[in-house]
Every structure is written in structure tokens, then in C-alpha cells.
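As C-alpha cells, the structure follows; a few thoughts come after it.
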Amino acid sequence: MRNVKDLVQKINKLKKEKNAIVLGHCYQNIEIDEVADYVGDSLQLSRLASQTEADIIVFAGVYFMAETAKILSPNKKVLLPKIDSGCRMADMIDLNQLKDFKAMYPNLPVVCYVNSSADVKSEADICCTSANAVQIVQSLNVPKILFAPDKYLGTYVANQLPNTEVVTYPGYCPTHLNILVEDVEKMKKQYPNAKVLAHPECQQAVTNLADYIGSTTGIMKYAKESQEKEFIIVTEKGVVDRLNRDCTDKKFYLVSNKAVCPNMKKNTLDDILYVLETEENEIIINEEIAKRARQSIEKMIAINV
Ligand code: 13P
Ligand code: SF4
């Protein structure tokens, strides 16, 4: 039988011996929090990856997140517990597709959601995450931009900044697109006093029903600080699991049982132990690509929001 306590002990011992840290995204299986040094959203995890003194970063997340950590900490070893845990949105655009998109709208700055490959980031002017997208676009102070790959996050940004035209690439997150207006309406009927908290990767018809729209950490912070007692959570299940654990005096309802990211759920404690033991699944990036991608990410980090 799988012994979680034993796994946690072994991982913590190896972390100490190898000066390693574990960074975890809040969509991970909640057992990962037992060994994670930090759990947060993409923006917080990028910042931490650029600041850590550790020699090894085990990134419990999806591929682009581990890649971002490697770009920001090129001299550290970055390990991804399950090497095939990709992001289906990031996979919707490659370097040539971005080049074609840019060619259709020449001379416009490109804002690239971090949910993208290092190749794609290397061709962008600046990156953003769901937590800072509006402020990043605003900081450019230009009338028109290209936004890739998430058309829904791009649309959300455009709605917040009526003086900026945002041309969006047609990418999307299948997990968030699976969340339908009917799902939210059904939950609202069932829990009429609950506040609706949604991620901006959802389609606009869904976010239109929300009381708050924000990143995964933004949603958790809002729920924790709110005086309200009931919430319908319109993003991936990992957020609901953590809120239920942390706020036992409040009630959290997952909008739909389809709201699960299959790739985020691939990493387990067993995989973390395995990569710490073997140091397999290391993220390697071409140096020239990494250098150019780093500029886009560091520009984002410098805009301290
Ligand atoms: P956050 O930017 O909120 O961490 O979300 C990342 C993500 O992949 C959402 O699907
Ligand atoms: Fe990518 Fe969507 Fe999964 Fe986030 S939830 S990692 S955007 S596939």
C-alpha cells in the first residue's frame, strides 16, 4: 500500500541533502502541498524561481512553468516530475504560428501569456500572467497590441482597457472552455447566496456572471478575505480543494466536475521522489532562445504588480 507519510519523509530528506526546493501550482493534486516550499499562481512561482538559492527546483506544474523557471534560473537544475505534463493551450501556438500572426499585423507589440513555450516567448515583446495581464498591457501605453495565445484572457484585457485594441490569437484552455454558462446558472440556482469567482481563461459569457475575476491566487485571496460564506469557484478543482482545506468556516462549490486539468493532475508524490532521486526529467533550453525569452519574462517581472 502507498504510504504518503513515508513518501513525504523521503522527499523532505532528499530536498535537504540536495539543496532542492519544490514549487507547486495551485491546480496540483493537493498531496503535493505536503512537500511544496511554495504553492501559488504562475506569477508568484515565476518570481520565486528567479529568487531562489536552491540548486535544484522541482516544478510541480506543467511544462511551460518548469521551462519558465529554467529560463529565469539558467544555472539551476529544473526537474519536471512528469515530463509529458504539457499545457493544452500552450501547445496551440508554436514559433512559426506566432511569426505568421505577427506578419498579419506588422509592427505591433506582442504580449505573450506565460502559458506558451520558450520559443514563443523568445519572439514576444513582453510576457504576462493572468494576475497581471491588464497592468502589463496598460504599461505599454500603445493603442493596439497582439495578444497570444489565449483569446479569452486577451478579450478580458480588452474589456478592462477600452482605449487599447487587442488583437487576439485564437488559442484557449480546453479545461476552462468546458465550463458553460449553464453550469454557472445551475450552481447559482442551487446556491443563491454564493459569490461567483472566475478565472479570466473562461469565455466571456461565463465571466460576465462573475462577482470577481482573477488568477488562481487572486481567487483564493478574495475568498479568504471576503465576509461572505459561500462561493462558486469557476476554475480548476485544485483551487476548491485548497480553499476547503484552509477555510473550514466557508463553503466552496466547484462549478462543474469537468473543471479538471488532466495534465496538472499527472504529478504525484511518487514522481517527485523519483526525480529527486534520479535527477531525470531535466528541462534543457537552447541558450539563444532562453536568452531572448528571459528578456520578455524579466520585463514582466520588472513591472511589479
Ligand atoms: P494562473 O495564472 O492563475 O496561475 O493560471 C495558470 C493556468 O494555467 C490557468 O489555467
Ligand atoms: Fe493549460 Fe488550461 Fe491546464 Fe492551465 S488549466 S495548464 S491553461 S490546459
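Laboratory data are not the source of any read-out in this text; all were calculated from the coordinates shown. Predicted, not measured: the structure shown is a model, and the values here were computed from it. Here Cβ is always computed from backbone atoms with ideal geometry, including for glycine, and neighbour counts include all displayed protein chains.
Numbers for the structure displayed
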| item | result |
| --- | --- |
| Filter result for residue 288 (touching a Ser or Thr at 6+ places or on another chain (Cβ under 9 Å), buried (at least 17 other Cβ atoms within 10 Å of the Cβ) and of a type in the set (Asp, Glu)) | no |
| Candidate set: the stretch 137-165, residues that are among the β-branched types (Val, Ile, Thr) and crowded, with 23+ Cβ neighbours inside 10 Å; chosen: the one farthest from residue 215 (Cα to Cα) | 145 |
| Qualifying position, being under 21 Å from residue 118 (Cα atoms) and among the charged types (D, E, K, R), among 236, 280 | 280 |
| Hits in the stretch 155-187 (condition: in contact (Cβ under 8 Å) with a residue 40 or more places away in the chain, part of a helix (DSSP H, G or I) and closer than 20 Å to residue 261 by Cβ) | 156, 174, 175, 176, 183, 184, 187 |
| Options 142, 137; residue that is among the aliphatic types (A, V, I, L, M), farther than 18 Å from residue 67 by Cβ and not in a helix (DSSP H, G or I) | 142 |
| Cβ-Cβ under 8 Å pairs, at least 6 apart or on other chains, the stretch 11-37 side closer than 22 Å to residue 265 by Cβ, far side within 16 Å of ligand 2 (Cβ to nearest atom) and acidic (Asp, Glu) | 25/41; 26/41; 27/236; 30/241 |
| Among residues of the stretch 71-90, those that are assigned to a loop (DSSP other than H, G, I, E, B), within 16 Å of ligand 1 (Cβ to nearest atom) and farther than 15 Å from residue 22 by Cβ, counted | 4 |
| Hey, residue 272 more than 16 Å from ligand 1 (Cβ to nearest atom), of a type outside the set (D, E, K, R) and in contact with a Pro (Cβ under 7 Å, 6 or more places away or on another chain) or not | yes |
| Single condition residue 184 does not satisfy, out of (1) away from ligand 2 (no atom under 16 Å from the Cβ); (2) within 21 Å of residue 80 (Cα to Cα); (3) crowded, with 16+ Cβ neighbours inside 10 Å; (4) of a type outside the set (Lys, Arg) | (2) |
| Considering residues of the stretch 34-63 that are in contact with a strand residue (DSSP E or B) (Cβ under 7 Å, 6 or more places away or on another chain), more than 15 Å from residue 16 (Cα to Cα) and among the aliphatic types (A, V, I, L, M) only, the residue nearest to ligand 1 (Cβ to nearest atom) | 45 |
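A quick yes/no check of all residues on (1) under 20 Å from the mean Cα position of the chain (by Cα); (2) of a type in the set (Gly, Ala, Ser); (3) not in a loop (DSSP other than H, G, I, E, B):
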site: 288; (1), (2), (3): no, no, yes
site: 293; (1), (2), (3): yes, yes, yes
site: 300; (1), (2), (3): yes, no, yes
site: 305; (1), (2), (3): yes, no, no
